[in-house]
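Enquirer: Okay, here's the structure, questions in a sec.
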Amino acid sequence: MEPQPDPSGPVEFRDASASGGMDPRGIDPHCIDPHWAELSALVSRAEQNRIDMARLQAQRAELFAEALQLVALRVAQRRAAKGNREFGDTIPLREVIAELACALRVGERTIASWLGDGDALVRTYPATLEALREGRIDERHASAIIDGGMPLDDAHRGQYEELVLPLAETATAPELRESARVIAARLQPEMVEERQRAALAQRQVKTYGLEDGLSRLLLDGPDALIQAAFERLTDMARALDGEGPVAFDADDDVEDGAADAGSADPDADTCGDREGDAEGGGDRDGECEPADERTLDQRRADIMLDMLLCGAPAAHGEEGALGAIRATVQVTIPILTLAGIDDQPAILASCGPIDADTARTLAASAPCWERVMVHPVTEEPLRLDTYRPSKKLRRLLDARDRQCRWPGCRRLARRSEADHTIPFSEGGPTCAGNLAILCKRHHRLKHASPWQVVQLGAGVLEFISPTRRRYRNNAPPVDEARTARPWARLLATPYDSTDPAAF
């Protein structure tokens, strides 16, 4: 094996023809501006550090799987000895957990989690363990794969791993977690309703005391209702400020916050509605003053308490003005599910699969249905029809992208902008093949920096960084369609010519 170059060393600018145009890191040195050489070297070191950490995480998984085998051995020894059974067979497990927790100075719950993940990787997901050992994924990706496949039968887990693991090598852990839930639900649709029924029984409200006169109110409830409530609060909070700019909040960039999909963004709001492209446009700071000095999060909190205590936002402006605002959620429902023929799960944007009955209930009360025509193989949304006049192209982009397409960003499409991949000023057409959803922050970064975006077709984008690294980003429906066999299900459906259409 040839020795690998030191990742901490500088980027070498040498004759590309001598090595086929690529250096050992896979980066064309002729394509790197010297201005970015130091950043490229630092990123290479960070990548190597991630690989080294992943290798150690794989070793820990194998070590803790071995610890569980030791527990099983000690349980068998206790049973053979027929000793005191007063405490049952859990004592060996508790002994091992306690010993490891003390030795590693971590909590016993952490040890229990490591034991479970290690056993799952060694026994159920060996390909995932190998990817972790090679540094192609990290511990958080492995955890997302394990959690997503937990409700599946053993017969489905092999296929599930084959479908999810390629996504893990290109997606962030939160993105993978959402896609894994969808893929698992499509492999075994009957589990969705059963698991959601069990989860719904756990709905609750809790309160915790914080410091300096603050308390926290936590509500666990159905995805669709919680998402709708949050969107309505956000719309009300923005209405108070006349869509004015919102101050930056410290937790804005927490990528793991699945419930933080609509949190305040320093670029999320500007004076007036600027839906669509803003290529080359600079910041509009100073053009207007905000009507309300509170941040978006503060306004959301105040309105929520107002509505809980008074039944309406009585303390916020003219009576009935904010109360007239209604929530909007985006649900993608397979046509056969909507017709009651199939039970394939529907997808609630930013939340994942929901059961068929909930999807049909939402569809029945919706003021407008939108029919999305999809590719028969990749399931990429291609065209959208609606009976109500609308901006069809933007709605198609929302259906395809669902959220900001920048790698790792999860800001909802309806809170983001449609960006021309090739700028309109340079002749780029306004069509689905040249548009992608980007939040305002990443939209501006794309136009104000050397970052490039390339449309590869079929909903696939390739982001090219200033250091010439390439990051592939698939449209969520394309990733989730890996389990689908739409034509097989359609052809297998019995057809009754005397049965009228359901809608």
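Enquirer: For Leu435, which sequence-distant residues (separation of 5 or more, or a different chain) have an amide H within less than 5 Å of its own amide H, given hydrogens modelled in the peptide plane?
Expert: Residues meeting the criterion, in which the H sits 1.01 Å from N, are Thr421.
Enquirer: Could you work out what % of the accessible surface of the range 79-159 is carbon and sulfur, using a 1.4 angstrom probe and leaving DNA, RNA and ligands out of the count?
Expert: Numbers: 2420 of 4670 Å².
For the range 79-159, the apolar C and S fraction of the accessible surface comes to 52 percent.
Enquirer: Would you mind counting up the charge near Leu68? Only other residues with Cβ under 12 Å from its Cβ, with Lys and Arg at +1 and Asp and Glu at -1.
Expert: Its environment carries a net charge of -2.
Enquirer: Let me ask something else about it. Can you give the net charge of the other residues whose Cβ lies under 10 Å from the Cβ of Gly459, counting K and R as +1 and D and E as -1? Please list the in-between numbers first.
Expert: Values: positive: Arg400, Arg405; negative: Glu379, Glu380, Asp401, Asp479.
Within the 10 Å Cβ shell, the charges total -2.
Enquirer: Another question, if that's okay. Beta carbons within 10 angstrom, averaged per residue: use that to sort the peptides 207-220, 152-165, highest first. Display every interim value, and only then the final one.
Expert: On the way: 207-220: 8.6, 152-165: 16.4.
The peptides rank, most packed first, as 152-165, 207-220.
Enquirer: Is the C-alpha gyration tensor of the range 77-150 telling us rounded, prolate or oblate? Criteria: a/c under 1.5 is rounded; beyond that, a/b larger than b/c is prolate, otherwise oblate. Walk me through the numbers on the way to the answer.
Expert: Working: a/c = 2.91, a/b = 1.96, b/c = 1.48.
Judged from the Cα gyration tensor, the range 77-150 comes out prolate (a/c at least 1.5, a/b above b/c).
Enquirer: Now for a separate question. Can you list the HN-Hα couplings for the range 122-132, worked out from phi with the Karplus curve (6.51, -1.76, 1.60; θ = phi - 60°), rounded to whole Hz and with x for Gly and Pro?
Expert: Running phi through 6.51 cos²θ - 1.76 cosθ + 1.60 with θ = phi - 60° gives 6, 8, 10, 10, x, 5, 5, 4, 5, 5, 5 Hz.
Enquirer: Whole-Hz ³J(HN,Hα) for each residue in the range 332-341, computed from phi via Karplus 6.51 cos²θ - 1.76 cosθ + 1.60 with θ = phi - 60°, x for glycine and proline: what do you get?
Expert: 9, 10, x, 4, 5, 5, 4, 7, x, 8
Enquirer: Continuing with the same structure: How would the range 39-125 be classified by its alpha-carbon gyration tensor: rounded, prolate or oblate, with rounded meaning a/c under 1.5 and the a/b versus b/c comparison settling the rest? List each step's numbers first, then the result.
Expert: On the way: a/c = 4.44, a/b = 2.69, b/c = 1.65.
Since a/c reaches 1.5 and a/b is larger than b/c, the shape of the range 39-125 is classed as prolate.
Enquirer: Send over a whole-number figure in Å² for the accessible area per residue of the range 139-229, probe 1.4 Å. Write out the running numbers ahead of the final one.
Expert: On the way: 5130 Å² over 91 residues.
Value for the range 139-229: 56 Å² per residue.
Enquirer: Taking θ as phi - 60°, what are the ³J(HN,Hα) couplings along the range 175-191 by the Karplus curve (6.51, -1.76, 1.60), each to the nearest whole Hz, with x for Gly and Pro?
Expert: Using θ = phi - 60°, the values come out as 4, 5, 4, 5, 5, 5, 4, 5, 5, 4, 5, 6, 6, 9, x, 5, 6 Hz.
The values are calculated or read from the model by the stated rules, or taken from the named source; none is laboratory data. From a predicted model like this one, the values you see are computed outputs, not experimental measurements. A quick note on method: Cβ atoms are made from the backbone with ideal geometry, for glycine too, and the neighbour counts reach across all protein chains shown. Note: accessible area is taken over every heavy atom of the protein model, side chains too, but ligands, DNA and RNA are not part of it. Shrake-Rupley method; radii C 1.70, N 1.55, O 1.52, S 1.80 Å.
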